Amino acid sequence: MDFEFRRGDTQFIRFKLKDASGEPLQLDLTDRMYFTVKTDANSTKVLLQKKFPDDITYDDGYYVFTITSEDTSNMAYGDYQYDIEVKTIDDIVKTVGEGTITLTEEITHRRDEV
């Protein structure tokens with residue numbers, strides 16, 4: 001899934017995970033999920049990361065997290081790559097989503113918010 005939004009705007013991300021039979025998958029609190037943003041797949045520098053259960057929560061069948069204004073305010077305009085990876089307590093690792101985030105120009109910058 002690809003996203004496009006203005007740099008510095010708050011974004012609410014909501015998605016479902018399903019098991020092999022199509023049923024909603026709820027992770028155990030010992031499992032981990034990472035939403036990671038980098039300039040590209042070969043980059044070693046993490047620009048933005050949200051983690052389950054700290055930043056990503058489970059609510060009524062959906063995983064939910066917020067990309068805050070502060071998360072993107074200092075990033076350059078343009079395209080970034082992200083993935084969502086699940087790692088279980090028994091070290092099973094699975095990428096469950098990936099895509100592009102495009103940050104577009106903003107008019108009111110943080111420095112203008114006085």
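Worth pointing out:
- With respect to the conditions (1) at pLDDT 95 or above; (2) out of contact with any Asp or Glu (no Cβ under 9 Å at 6 or more places or on another chain); (3) surrounded by 14 or more Cβ atoms within 10 Å (Cβ to Cβ), residue 43 falls short on a single one, namely (3).
- Single residue of 48, 17, 27 found to be touching a helix residue (DSSP H, G or I) at 6+ places or on another chain (Cβ under 6 Å), of a type in the set (A, V, I, L, M, F, W, C) and either buried (at least 16 other Cβ atoms within 10 Å of the Cβ) or under 30 Å from residue 105 (Cα atoms) (or both): 48
- Every residue from segment 51-68 that is in a strand (DSSP E or B) and either within 11 Å of the chain's Cα centre (by Cα) or crowded, with 16+ Cβ neighbours inside 10 Å (or both): 51, 52, 58, 63, 64, 65, 66, 67
- Checking each residue in segment 1-26 for being part of a loop (DSSP other than H, G, I, E, B), within 18 Å of residue 64 (Cα to Cα) and in contact (Cβ under 8 Å) with a residue 60 or more places away in the chain picks out 1, 2, 9, 17.
- Residue 11 among the polar types (S, T, N, Q) and either surrounded by 15 or more Cβ atoms within 10 Å (Cβ to Cβ) or touching an Asp or Glu at 6+ places or on another chain (Cβ under 7 Å) (or both): yes
- Residue check, residue 33 at pLDDT 95 or above, touching a Leu at 6+ places or on another chain (Cβ under 7 Å) and part of a loop (DSSP other than H, G, I, E, B): no
- Filter result (part of a loop (DSSP other than H, G, I, E, B), at pLDDT 95 or above and surrounded by 14 or more Cβ atoms within 10 Å (Cβ to Cβ)) within segment 69-89: 75
The values are calculated or read from the model by the stated rules, or taken from the named source; none is laboratory data. The structure presented is a predicted model; accordingly, all values stated were derived computationally and were not measured. All Cβ positions, glycine included, derive from the backbone under ideal geometry; neighbour counts span all protein chains shown.
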